[in-house]
Amino acid sequence: MDTVTNDRPALLFVHGAWHGSWCWERLLPELTDEGWAVHTVDLPSAAEKGAQVFGMYDDAQVIRERLDGLGGPVVIVAHSYGGIPVTQAAGEAGDVSHIIYLAALLLDEGDSMAPGDTEFPTRDGDVLLPPDDSRDLFYADVPVDEADRAVARMLPQSVRSCTEVLTRVAWKTIPSTYVVCEQDNVLAPAFQEQMASRATTVRRLLTGHSPFLSSPAEVAKLITTVIAEAAPAR
């Protein structure tokens, strides 16, 4: 693979609920070793219990600020809940050339992760604790030691981040690819297929919800292929 970075977009990775930028640690070397410039954010809606509570709009602001700092062009890879603040933020900052929704919530204006009257089984005040069955939900196909390490690093997620609704929708103006994870225990593959109908193109992985931990080389290859196919002809 060509390792010259001058004509390549930067990559910005946005994690999902209960997670942090640590979740990408197996995937990023697959890309940096091939000369890609990669960047991550830590969304403030996931934080230790007792910390200040932030919502989806705060997450979107963090993404905007990072995009402004990167300039462009940038390809964003959003996972799970991360698709929501990316959808809110990506059309307002930086120079985003493509969004890759990796088993992510690709929602429309007025939508949120959950309605405001939802009863959350893991709610503890203003936050949602990681699900008791996180191991099977998020990491069913991840090596056991890696999965156990990931579960131990999960953080409470703010209720506000789940109920604040989209007011801007970046995928209506920015090309996007939806990656359906066909063995996902968090977002049903059938639901992912419905959301994928909004994307410009659709790809599929035979993985669970966290392919960046279970199949990092395959995800890296998919990302670079999507970028190559989306690039304008010279």
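Would you please classify the overall shape of the range 106-234 from the alpha carbon gyration tensor, given that a ≥ b ≥ c denote the square roots of the eigenvalues, rounded means a/c under 1.5, and beyond that prolate means a/b larger than b/c while oblate covers the rest? Judged from the Cα gyration tensor, the range 106-234 comes out oblate (a/c at least 1.5, b/c at or above a/b). Given R₀ = 25 Å, what would the calculated FRET efficiency be for residue 117 paired with residue 172, taking r from the Cβ atoms and rounding to 0.05? Result of the calculation: an efficiency of 0.35. Protein heavy-atom surface of the range 110-155, 1.4 angstrom probe: 49% of the accessible area is carbon and sulfur, with nucleic acids and ligands not counted.
Summarising the amide proton neighbourhood of residue 100: residues at separation of 5 or more, or on other chains, whose placed amide H is nearer than 5 Å comprise 76, 77, 78, 177. Taking every DSSP beta bridge that has both ends in the chain, the antiparallel portion is near 20%.
Between the alpha-carbon centres of the range 193-234 and the range 141-176 there is a gap of 17 Å.
The charge dipole of the chain, taken about its Cα centre with unit charges on the Cβ of Lys, Arg, Asp and Glu (plus for the first two, minus for the last two), comes to roughly 460 debye. Subtracting the Cα-Cα distance of residue 225 and residue 49 from their residue separation scaled by 0.36 nm leaves 59.4 nm. The string of couplings for the range 137-143 from the Karplus curve (6.51, -1.76, 1.60, θ = phi - 60°) is 5, 8, 10, 4, 10, 8, x Hz, one whole number per residue in order, with x for Gly and Pro. As I understand it, the dipole of the range 178-234 uses +1 on the Cβ of Lys and Arg and -1 on the Cβ of Asp and Glu, about the Cα centre. Which of 209, 179, 191 lies farthest toward its positive end? Highest projection toward the positive end goes to 179. The overall shape of the range 171-234 is oblate: from the C-alpha gyration tensor, with semi-axes ordered a ≥ b ≥ c, the ratio a/c is 1.5 or greater and a/b is no larger than b/c. Dipole magnitude of the range 131-218 about its Cα centre, charges +1 at Lys/Arg Cβ and -1 at Asp/Glu Cβ only, in debye to the nearest 20? In total the dipole reaches around 620 debye. Based on protein heavy atoms only, the range 13-121 ends up with 37 Å² per residue of surface accessible to a 1.4 Å probe.
Which of rounded, prolate, oblate describes the range 1-132, given a ≥ b ≥ c as roots of the alpha-carbon gyration tensor eigenvalues and a/c under 1.5 marking rounded, otherwise prolate only if a/b is larger than b/c? Because a/c hits 1.5 or more and a/b exceeds b/c, the range 1-132 counts as prolate.
The values are calculated or read from the model by the stated rules, or taken from the named source; none is laboratory data. This structure is a prediction, so every number in the text was calculated from the model and none was measured. For neighbour counting, all protein chains shown are included, and Cβ atoms are generated from backbone atoms with ideal geometry for every residue, glycine included. Note: areas computed on protein heavy atoms with side chains; ligands, DNA, RNA excluded. Shrake-Rupley method; radii C 1.70, N 1.55, O 1.52, S 1.80 Å.
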